[in-house]
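Everything on this sheet refers to the single structure shown next.
The values are calculated or read from the model by the stated rules, or taken from the named source; none is laboratory data. Values in this document were obtained by computation on a predicted structure and should not be read as measured data. Positions of Cβ are backbone-derived with ideal geometry, glycine not excepted, and every protein chain shown enters the neighbour counts. What goes into the accessible areas is simple: the full protein's heavy atoms, side chains included, and nothing from ligands, DNA or RNA. Shrake-Rupley method; radii C 1.70, N 1.55, O 1.52, S 1.80 Å.
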Amino acid sequence: MKHIGSAAVLASLSLLAAACGGAASSPSGKPVDGGTFSFALSTDPGVLDPAMAVLSVTNTVLSLAYDTLVSTTNDGKIVPGLAEKWDVKPDSVTFTLRKDVTCSDGSKLTAADVAENVNHVADPATKSPVYGVLIPEGMKAEADDAAGTVTLSTPKPFSFILENTPQIFIVCGKGVKDRSLIARATSGTGPYKLVEAVPSDHYTFQLRKDYAWGPGGATTKNQGQPEKVVLKVVPNEQTAANLLISGGLNGAVIYGADRKRLEATPGMGKFVLPMGNGQFFYHQGDDRPSKDPAVRKALTQAVNLPELAGIASSGTGRPATGLVMYPRPCQGDSVAGHVPAFDAAAAAAALDAAGWKAGADGIRVKDGKKLSLRLLYVTTRGAGVQAANEYLAQAWKKVGAEVTLNGVIDTKLSESLNATQDWDVVWLPIGVTLPTQLVGFLSGPAAPKGANFAHLHNTRYETLIAEAVTKPGEEGCKRWIESESALFENADLVPVVENTVLVAQKGATFDFPAGSFAPTTIRMTEAG
């Protein structure tokens, strides 16, 4: 979810900043006990039920209040979380829970609670957008409260059955029985509890001082651990940067031009973090011009992708080499040589051949219907994304398309993807750490019945992933990489650039696993 990049980092990602290749620095000053840590959110997180959380910003919020069964370290190692040990088989994993874990309402975490989280998402009546993404299709959970164990099983072998679980936030207590209670509240085992929610303004969390079951045994009994965390909704990056410099914020994620200003500010801690690809998808519904692969490939050929990459990332990006975030379980470049190259003349010729003829106004028409594209994107990811979509619109207008730009906030984007479907092309970073987490978005039931928002049906992709998911190691990885290339060759989606962001810190330090907090690492410092 985050993170579904912007609208759909559909998982809390397990990548620590130190692994991202960028130089890191921290604010000077000794830890200071107590205090309030403040952090900027680019938009409101919307509904806070983890079963419905597809926005990266939502998962940022949830990471303060919820735990997972296991966690992933900076080097990719699985360490204990709510579970103290586990037993993995090709089609199942059994977790033995810690016995000292309590929910924020004081109740004890039970194996039945954990199992219900999985089964709730898998229940068709829930209509969870993370089913098939965080919870593999067909997965079931069985609890043994007496033994304190939970077994997750799949109908057939699933290659990442353990590695997938660090992404699943566990609801406990009253929230398990009544999900309406956590639409604007939290009911988790995490180190902080939500105590005030003012939508579109701020969210305040209170420290749980008895917390002692974090990743690898982490606790909240740390010098400098803040008593409160306030997440402030600050849609404008320039405003967030100004607040950081003035001391009105302790942390923010910056995508655009204000990065340089913050990097030059004395006493400002910062590190660079990969945050998913800048990329766009074509809607392949029956009534859309981009259902035709010839049209998709022509529109892709019409765009100078290296030039677009520089615009989209404000010059701070890296060449895209795949769809999964680092550290990837499968190494390799699925992009190079598999995306149609820039050739505007060939693009125009291909559209002619597909039956789209230019009218008197220059707009192409086929069977009385204009080549009309609604280009959807979020406005909360810096000026580069806005400029990139304007560039796309101009490139497609040059080859005879009528393009309407539609910039929206994250929650509106989610609504458009999953419900209204009022778009033809969408600029949509998706940040995941396992290739299995993409399957629900790139295949299967189309929205609104499923998570397949672009109505993709790539037979080669589906064949390769069906083979890959049952095969471990290099044998499976070869197929996962080939499956991504199959998408690019068919112009189902177009990877443009690997985005990076600046995570800035003032008067505090913290780890920020690609869109989610590691809450027990937050420290207030004297400089604050």
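Taking the Cα centre of each part, how many Å lie between segment 121-187 and segment 358-388? A separation of 39 Å, based on Cα centres. Here residue 87 and residue 260 are evaluated by their C-beta separation; at R0 = 41 Å the FRET efficiency comes out at 0.25. Segment 282-347 and segment 46-68 have Cα centres separated by 29 Å. Taking 0.36 nm per residue of separation and subtracting the current Cα-Cα distance, fully stretching the chain between residue 183 and residue 222 would add 11.0 nm. With the simple spin-label model, which puts each label point 7 Å out from Cα in the Cβ direction, the residue 338 to residue 475 separation comes to 2.1 nm.
Sparse packing (at most 15 other Cβ atoms within 10 Å of the Cβ) combined with a DSSP loop state is found for the following trypsin sites (Lys or Arg not before Pro) in segment 385-456: 449.
Label zone of residue 239 (point 7 Å out along Cα→Cβ, amide N under 16 Å): in segment 375-396 this covers 379-383.
Here segment 205-250 and segment 461-495 have alpha carbon centers that stand 39 Å from each other.
Using a 1.4 angstrom probe on heavy atoms only, work out the carbon and sulfur share of the accessible area of segment 299-392 in %. Don't skip to the answer; put the middle values down first.
Details: 2330 of 4030 Å².
The computed percentage sits at 58.
The length gained on full extension between residue 174 and residue 30, counted as 0.36 nm times the residue separation minus their Cα-Cα distance, comes to 47.9 nm.
What does the extension gain come out to for residue 405 and residue 526, with contour length at 0.36 nm per residue minus their alpha carbon separation?
38.9 nm
Let me have the relative contact order for segment 433-521, percent, based on Cα pairs under 8 Å that are six or more residues apart.
With pairs under 8 Å counted, the relative contact order is 15 percent.
Could you tell me the number of lysine pairs in segment 346-473 with C-alpha atoms less than 19 Å from each other, where the two lysines are 8 or more residues apart or belong to different chains? Lysine pairs satisfying the spacing and distance rule in segment 346-473 number 12.
Which FRET efficiency value, to the nearest 0.05, do you get for residue 108 and residue 387 by plugging their Cβ-Cβ distance into 1/(1 + (r/R0)^6) with R0 = 51 Å?
Efficiency computed from Cβ-Cβ geometry: 0.45.
Between residue 352 and residue 422, the FRET efficiency from the beta-carbon distance, with R0 = 25 Å, is close to 0.30. Considering segment 148-233, its Cα convex hull presents a mean projected area of 8.3 nm².
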